[in-house]
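K.L.:
One structure coming up, written as structure tokens, with questions to follow.
Laboratory data are not the source of any read-out in this text; all were calculated from the coordinates shown. Here the structure is a predicted model, which is why all the values come from computation and not from measurement. Don't worry about glycine lacking a Cβ; one is built from the backbone with ideal geometry, like all the others, and counts go over all protein chains shown.
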Amino acid sequence: MKTTTLLALIALSLTAVFSANAAPKSSASFQKALQDAEMIASLSPEWSVQRTSGVSMGDFYGDNSLILVQKAEIEDIRVGMMIVYRSPEGELISHKVAEHNGTSLSTIGVSNWSIDPFPITSDMIVGTVFGVFHTSGAPSGDVYASNGEPLPTALCKTF
């Protein structure tokens, strides 16, 4: 096999792998998706809307998706659920629960190779993800909710 053919096959394979982990998109505008997400979140004081940034959540959600988050306690959370937590550095992170030992959780981005580097304790948990709104794109810079407050951003990151 010629070297150029081999390189082309490798490039094609890598493109397929990285494309498979791309977050879904929608024809809905960011503003329409935000309006709809806020309407649903207004039905309960336990629900909130957050914007996502990053690619570690692969086929579930990624850059500029909107997630609906329900407040939750550690005993409400099960392996396989997607959660939002506050990291030791104060960042909001959204990842999938890989392990639950009763007092802490291990989480991972579904496109990541390794578990997040610290256990998630009850005081770090913001809530569980129960809905996702995909958009066709998002405005650059800060995004604000309809009440004028900055929309929180949950990172889908790789450690």
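K.L.:
What chymotrypsin sites (Phe, Trp or Tyr not before Pro) does the range 80-158 have in DSSP loop regions with at most 14 other beta carbons within 10 Å? All intermediate terms of the calculation are to be shown ahead of the outcome.
P.N.:
Numbers: sites: Tyr85, Trp113, Phe130, Phe133, Tyr144; in loops: Trp113.
Sites meeting the loop and neighbour criteria: Trp113.
K.L.:
List, in order, the whole-Hz ³J(HN,Hα) value for each residue of the range 147-159 obtained from phi through the Karplus relation with A = 6.51, B = -1.76, C = 1.60 and θ = phi - 60°; use x for Gly and Pro.
P.N.:
7, x, 6, x, 7, x, 10, 8, 7, 10, 10, 10, 8
K.L.:
Just tell me which aspartates and glutamates come within less than 20 Å, Cα to Cα, of Lys71; anything on the same chain fewer than 8 places away is out.
P.N.:
Partners within reach: Asp36, Glu38, Glu46, Glu91, Glu99, Asp123, Glu149.
K.L.:
Taking a virtual spin label 7 Å from the Cα of Arg86 along the C-beta vector, which residues in the range 118-157 bring their backbone nitrogen under 11 Å of it?
P.N.:
Those under the cut-off are 123-126.
K.L.:
On to the next question. Tell me, what HN-Hα J-couplings in whole Hz come from the Karplus equation 6.51 cos²θ - 1.76 cosθ + 1.60 at θ = phi - 60° for each residue of the range 43-50, using x for Gly and Pro?
P.N.:
Calculated HN-Hα couplings, in order: 6, 8, x, 8, 10, 9, 10, 9 Hz.
K.L.:
What GluC sites (Glu not before Pro) in the range 59-159 are in a loop by DSSP, with at most 16 other Cβ atoms within 10 Å of the Cβ? Please list the in-between numbers first.
P.N.:
Numbers: sites: Glu73, Glu75, Glu89, Glu91, Glu99; in loops: Glu73, Glu89, Glu91.
Qualifying residues, ordered by number: Glu73, Glu89, Glu91.
K.L.:
Order by neighbour count: Ile74, Ile83, Ile40, fewest other Cβ atoms within 10 Å first, most last.
P.N.:
On the way: Ile74 17, Ile83 24, Ile40 14.
Final ranking by Cβ density, sparse to dense: Ile40, Ile74, Ile83.
K.L.:
Within a 10 angstrom radius of the beta carbon, how do Met82, Met39, Met124, Met57 rank from fewest other beta carbons to most? Provide the component values of the computation, followed by the final result.
P.N.:
Details: Met82 22, Met39 11, Met124 18, Met57 29.
Sorted ascending by nearby Cβ count, the order is Met39, Met124, Met82, Met57.
K.L.:
Taking θ as phi - 60°, what are the ³J(HN,Hα) couplings along the range 91-102 by the Karplus curve (6.51, -1.76, 1.60), each to the nearest whole Hz, with x for Gly and Pro?
P.N.:
Coupling constants for the range 91-102: 6, 7, 10, 10, 9, 8, 6, 9, 8, 9, 9, x Hz.
K.L.:
Next question. Between Rg and the Kirkwood Rh of the range 22-156, both from Cα atoms, what is the Rg to Rh ratio?
P.N.:
Working: Rg = 14.2 Å, Rh = 14.9 Å.
Result for the range 22-156 is an Rg/Rh of 0.95.
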